[in-house]
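Trainee: Shown below is the structure under consideration.
The values are calculated or read from the model by the stated rules, or taken from the named source; none is laboratory data. Keep in mind it's a predicted model, so treat the numbers as computed, not measured. Cβ placement follows ideal geometry from the backbone for every residue including glycine, while neighbour counts extend to all protein chains displayed.
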Amino acid sequence: MVSTTEILATLRGLMAEAGIDIYIVPSEDAHQSEYTSPCDGRREFISGFTGSAGWALITQDKAALSTDGRYFNQAAKQLDENWELLKQGMPEVPTWSEWVAKESAGGKTVGVDASLLPFTNSKSLQAKIVKKGGKALVGMEENLIDKVWGAARPPRPSEPVLILDKKFAGKDFVEKLEDVRKELTKKKSHGLVLTGLDEIMWLFNIRGSDIPYNPVFFCYALVTPTTAHLYINPKQNSKELEEHLGEHVQIVEYEQILSSLATFSEHTVDENAAEPQKFIFPDNANWALAKALGEKRLEEIRSPVTVAKAVKNETELDGMRNCHIRDGVALIEYFAWLEEQLLAGKEMDEVDAADQLEEFRKTKDQFVGLSFGTISSTGPNAAVIHYHPERPTAAKIDPNAIYLCDSGAQFYDGTTDTTRTLHFGTPTDMEKKAYTLVLKGMIALARTTFPKGISGYQLDPIARQFLWAEGLDYRHGTGHGVGSFLNVHEGPQGIGTRIQLSEVALELGNVLSNEPGYYEDGKFGIRIENIILVVPAKTTHQFGEKPYWGFETVTMVPLCRKLVNLDLLTPDEKTYINDYHKEVLKKTSPFLQQDDRALKWLKRETDAY
């Protein structure tokens, strides 16, 4: 916990000077990135809360932090006495926008950096503010947090750009551009502006490292029926990039995006056109870009690049299968090593363990880096859903307590994300029961067959059913999309309770996580996570002449035998576990022939029930 008293006072002074009564600080950057570069950590700077999701809301006499159930525990520990915690989704707790609208009553003005707020949100928030008696929502060009931060604000990174070989991408970027242009023709659109960094990386087969764990760099893109522009920091341009893009893409300076869009919009207006001339504008793109293009000329839809990127081609799917085998080998080596160290009485903290896991991963072919900060958590810390150990607060790993490890890596051929919950001593009956209920849900989802058109929103209860039967649950989604050597969290597909997921049917080629869990505050936490691919299913019938689909699990890491209560498993579930373990043993053991410790651990953990 850090004191925010002085920086809040400074911010309030700037708000008063600007005529702003309420100031909104989103977590995201101008590209709506979930994970941000340190220079964009404005919400963390002003609040002290380090989680990846949330909104900081400041008035002249109040400060509130709104976040979701993944971060309730973390936020409660990190926020000082100046802040009120708004627990999203809890009864009688307002959303961040409802809180702002209520506080705006009496003719108050609300301010926000227009480049950080999605245009869609700006319109809905403005309506709420007016309804509650507020004066206006102002989209500001300057960021007040940056002024408070001053010289201490980290510089914006400009790391080298990487060209992704077609042997990993599976498709040439020129072909992808033509697919985008077909969408423009279909929509009768003058162009598409792209702001999502992972979308632009995927479209042009390029990668970067401007944001920790995410292989992206800061850029924008504009695609029209005849041209394509990539807006980047000139320091990141190179002969290699220019040769890669060739005559197909014009490189423009990153800072010129707003003026360039304004000019483009002005030059494409035809006052005599029979129909309004529209630009495709991603539904999460920021308000500043909307102003530059002309708010009334935008067709706000889900980006067609986001949709295309989520459907992996065969090269990408094979890459996912292969990198998860190598990653599974690293995890097997790690868990065998960790068990040996702990049972030998060696003390180590959660950071020591996470560092060693990274060392095992570094030895694997095509390894680039981690896909997120490793969640290495013992005992009560495992109940903090997005816990990240740091010194000096990292706990010593207790061999007689639950150990939860959620980790992943970036490889040139794919992105991994695996969670295993282990116990090195004797678990309690409740720990075994909870683990087995979570395991049953994971198995049920993995075995599900469903017709085309079904969404992850509809499938979510399958994973929760066994917990629900006991009056238990978890406060996070059951599955998120995963990129291909891209962001570990990828939309639009997902499996969970958020109503937005009901709008997105799962598609062949989607890659998702399957990760139910259970957490007891102050005691332990359990999560089991495998990565699954949407694949064709073999069915006896085909009602409605629809194709039927299922899931292929690609994560290759044993489950924890000590935590399974066999009395709670059906014969079919035991068969599933045995078959899965046979596959894990077959695919990973060839890489462990020179590691007796890991091979012995693997064979023990995959022994049939």
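Trainee: In the range 365-411, which residue that is of a type in the set (Val, Ile, Thr) and part of a loop (DSSP other than H, G, I, E, B) is surrounded by the fewest Cβ atoms within 10 Å (Cβ to Cβ)?
Mentor: Of everything passing the filter in the range 365-411, Thr393 is surrounded by the fewest Cβ atoms within 10 Å (Cβ to Cβ).
Trainee: Would you point out which residue out of Tyr35, Tyr23 is farther than 26 Å from Phe372 by Cβ, touching a strand residue (DSSP E or B) at 6+ places or on another chain (Cβ under 6 Å) and aromatic (Phe, Trp, Tyr)?
Mentor: Tyr23
Trainee: Then there's this: Test each condition in (1) in contact (Cβ under 8 Å) with a residue 24 or more places away in the chain; (2) of a type outside the set (Lys, Arg); (3) surrounded by fewer than 19 Cβ atoms within 10 Å (Cβ to Cβ) for Pro91 and report the one that comes out false.
Mentor: (1)
Trainee: How many residues are surrounded by 12 or more Cβ atoms within 10 Å (Cβ to Cβ) and not in a helix (DSSP H, G or I) when one looks only at the range 583-606?
Mentor: Looking only at that region, the number is 2.
Trainee: I want to confirm something. Restricting to the range 274-293 and keeping residues that are within 12 Å of Ser189 (Cα to Cα) and either of a type in the set (D, E, K, R) or outside the structural domain of Lys187 (by TED's automatic domain parsing) (or both), which single residue is modelled with the lowest pLDDT?
Mentor: Step by step, filter the range 274-293, then rank; the result is Glu275.
Trainee: Could you pull out the residue among Phe367, Phe360 that is aromatic (Phe, Trp, Tyr), at pLDDT 95 or above and more than 23 Å from the chain's Cα centre (by Cα)?
Mentor: None of the other options fit; the residue is Phe360.
Trainee: Hey, Ser33 hits all of (1) assigned to a helix (DSSP H, G or I); (2) among the hydroxyl-bearing types (Ser, Thr, Tyr); (3) within 24 Å of Tyr254 (Cβ to Cβ) but one; which does it fall short on?
Mentor: Among (1) assigned to a helix (DSSP H, G or I); (2) among the hydroxyl-bearing types (Ser, Thr, Tyr); (3) within 24 Å of Tyr254 (Cβ to Cβ), Ser33 violates only (1).
Trainee: Name the one entry in Ile24, Ile7, Ile20 that is over 30 Å from Val488 (Cα atoms) and outside any helix (DSSP H, G or I).
Mentor: Ile20
Trainee: Still on this structure, please answer the following. Consider Glu271 against the criteria (1) at pLDDT 95 or above; (2) surrounded by fewer than 18 Cβ atoms within 10 Å (Cβ to Cβ): it satisfies all of them except one. Which criterion is unmet?
Mentor: Against the list (1) at pLDDT 95 or above; (2) surrounded by fewer than 18 Cβ atoms within 10 Å (Cβ to Cβ), Glu271 comes up short only on (1).
Trainee: Filter the range 223-250 down to the residues that are surrounded by 14 or more Cβ atoms within 10 Å (Cβ to Cβ), closer than 22 Å to Pro155 by Cα and polar (S, T, N, Q) and list them by number.
Mentor: Matches in the range 223-250: Asn233, Gln236, Asn237.
Trainee: When only residues in the range 551-563 that are of a type outside the set (Ser, Thr, Tyr) and surrounded by 19 or more Cβ atoms within 10 Å (Cβ to Cβ) count, which is nearest to the chain's Cα centre (by Cα)?
Mentor: Once the filter is applied, the top-ranked residue is Val554.
To keep it simple, each residue is scored yes or no on (1) buried (at least 19 other Cβ atoms within 10 Å of the Cβ); (2) under 22 Å from Ala152 (Cα atoms); (3) modelled with pLDDT under 95; (4) acidic (Asp, Glu).
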{"residue": "Thr5", "(1), (2), (3), (4)": "no, yes, no, no"}
{"residue": "Arg42", "(1), (2), (3), (4)": "yes, yes, no, no"}
{"residue": "Lys62", "(1), (2), (3), (4)": "no, no, no, no"}
{"residue": "Leu65", "(1), (2), (3), (4)": "yes, no, no, no"}
{"residue": "Ala76", "(1), (2), (3), (4)": "no, no, yes, no"}
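Trainee: Related question: With respect to Lys167, determine if the residue is out of contact with any Leu (no Cβ under 7 Å at 6 or more places or on another chain), part of a loop (DSSP other than H, G, I, E, B), surrounded by fewer than 18 Cβ atoms within 10 Å (Cβ to Cβ) and modelled with pLDDT of 95 or more.
Mentor: No; evaluated as a whole, the condition is false for this residue.
Trainee: Condition first: aliphatic (A, V, I, L, M) and assigned to a strand (DSSP E or B). Now tell me which residues in the range 210-239 satisfy that.
Mentor: Ile211, Ala221, Leu222, Val223, Ala228, Leu230, Ile232
Trainee: Could you tell me how many of the residues in the range 427-453 are small (Gly, Ala, Ser) and farther than 16 Å from Glu529 by Cβ?
Mentor: 1
Trainee: Here is a further query. Please state which of the following conditions Arg321 fails to meet, knowing it meets all the rest: (1) in contact with a Phe, Trp or Tyr (Cβ under 7 Å, 6 or more places away or on another chain); (2) surrounded by fewer than 24 Cβ atoms within 10 Å (Cβ to Cβ).
Mentor: (1)
Trainee: Another question, then. Give me the pairs: first residue in the range 332-356 and farther than 18 Å from Asp596 by Cα, second residue of a type in the set (Gly, Ala, Ser) and outside any loop (DSSP other than H, G, I, E, B), beta-carbon distance under 7 Å, and six or more apart or on different chains, which are they?
Mentor: Glu350/Ser376; Glu350/Ser377; Ala353/Ser376; Ala354/Ser376
Trainee: Filter the range 440-476 for residues that are outside any helix (DSSP H, G or I) and of a type in the set (Gly, Ala, Ser); which is nearest to Pro547 (Cα to Cα)?
Mentor: This residue is Gly453.
Trainee: Follow-up. Given the conditions (1) under 21 Å from Lys582 (Cα atoms); (2) outside any loop (DSSP other than H, G, I, E, B), and given that Pro558 satisfies all but one, which numbered condition is not satisfied?
Mentor: So Pro558 meets the others, but not (2).
Trainee: Here's something else I'd like to know. Is there a residue in the range 519-532 that is over 21 Å from the mean Cα position of the chain (by Cα) and crowded, with 22+ Cβ neighbours inside 10 Å?
Mentor: Looking through the range 519-532, at least one residue is over 21 Å from the mean Cα position of the chain (by Cα) and crowded, with 22+ Cβ neighbours inside 10 Å.
Trainee: Which of the following residues is over 22 Å from the mean Cα position of the chain (by Cα), in contact (Cβ under 8 Å) with a residue 12 or more places away in the chain, surrounded by fewer than 24 Cβ atoms within 10 Å (Cβ to Cβ) and not in a helix (DSSP H, G or I): Thr419, Thr426?
Mentor: After ruling out the rest, the residue left standing is Thr426.
Trainee: Restricting to the range 195-209, count the residues that are at negative phi and outside any helix (DSSP H, G or I).
Mentor: Adding up the residues that qualify gives 6.
Trainee: Which ones in the range 492-539 are within 15 Å of Arg475 (Cα to Cα), in contact (Cβ under 8 Å) with a residue 60 or more places away in the chain and not in a strand (DSSP E or B)?
Mentor: Result: Glu515, Pro516, Asp521, Ile528.
Trainee: Check whether at least one residue in the range 540-550 is in a loop (DSSP other than H, G, I, E, B), of a type in the set (Gly, Ala, Ser) and over 17 Å from the mean Cα position of the chain (by Cα), and report yes or no.
Mentor: No, every residue in the range 540-550 fails to be in a loop (DSSP other than H, G, I, E, B), of a type in the set (Gly, Ala, Ser) and over 17 Å from the mean Cα position of the chain (by Cα).
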